[in-house]
């Protein structure tokens, strides 16, 4: 089945460590997005990519990094510079400007 | 810059009541797209509807209806005869074109938590 797969579903990180969240899609979509969700703050855009080897910062990019080496994959690295990384992270993809975004099931990251 | 505001943080209703979720947006783009999503407790966002800036027709789908008014920059969502299964977080989103790019940013509102009591 076509869709977006995020892994892992739950992730625990020690303070000071980098961690990478995986996002893979087989929908042949050009655009991919990473969002962070905190209680009461909705979805905030971290990074987005409209084409392979290109990406743009969203509203809260500090402390995060991404790569887009393949159309299917858009991994997000949460670096030690991110002061409050505990959150729910959602990845999405879109096939066109007029179309809706499809979302993965999310990764819940907890810093311990 | 683009912005989506969902002023209602939480709404609580009793089953069978009608409920309207408000969404107000800001954008400088002349062409843009509006969306509504539902997020059940499982966490995955479920797409409900898309509307483009040139189409101000209201839409009804079963118990769901949407009222798009460009003059007031609003795209409100009404659930008629609410049910317990409607309990979820609902998000309004906006996508425009920026600097000639094809996709632009996809900006979400803060979400409205809807609780429907039996």
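Here are some notes:
- Across segment B:54-61, not a single residue is classified as farther than 25 Å from residue A:57 by Cα and within 10 Å of the chain's Cα centre (by Cα).
- When residues of segment A:1-37 are limited to those that are facing chain B (nearest Cβ under 10 Å) and within 18 Å of residue A:111 (Cβ to Cβ), the one surrounded by the fewest Cβ atoms within 10 Å (Cβ to Cβ): A:9
- If you check B:13, B:4, B:89, B:85 for being assigned to a strand (DSSP E or B) and more than 11 Å from the chain's Cα centre (by Cα), only one passes: B:13.
- Residue list for segment A:53-104, restricted to those being within 14 Å of another protein chain (Cβ to nearest Cβ), within 16 Å of residue A:25 (Cα to Cα), in contact (Cβ under 8 Å) with a residue 40 or more places away in the chain and in contact with a strand residue (DSSP E or B) (Cβ under 6 Å, 6 or more places away or on another chain): A:74, A:89, A:90, A:91, A:92, A:93, A:94, A:101, A:102, A:103, A:104
- Within segment B:22-40, the set of residues being away from every other protein chain (no Cβ under 12 Å) and either under 27 Å from residue A:107 (Cβ atoms) or exposed (fewer than 15 other Cβ atoms within 10 Å of the Cβ) (or both) comprises B:26, B:28, B:30.
- Filter pass, residue A:108 being under 15 Å from residue A:6 (Cβ atoms), surrounded by fewer than 17 Cβ atoms within 10 Å (Cβ to Cβ) and at the interface with chain B (Cβ under 10 Å from one of its Cβ atoms): yes
Taken together, the values in this text are just the output of simple stated rules run on the coordinates, not laboratory data. Note that this is a predicted model, so its numbers are computed, not measured. Note: ideal-geometry Cβ built from the backbone for every residue, glycine included; neighbour counts use all protein chains shown.
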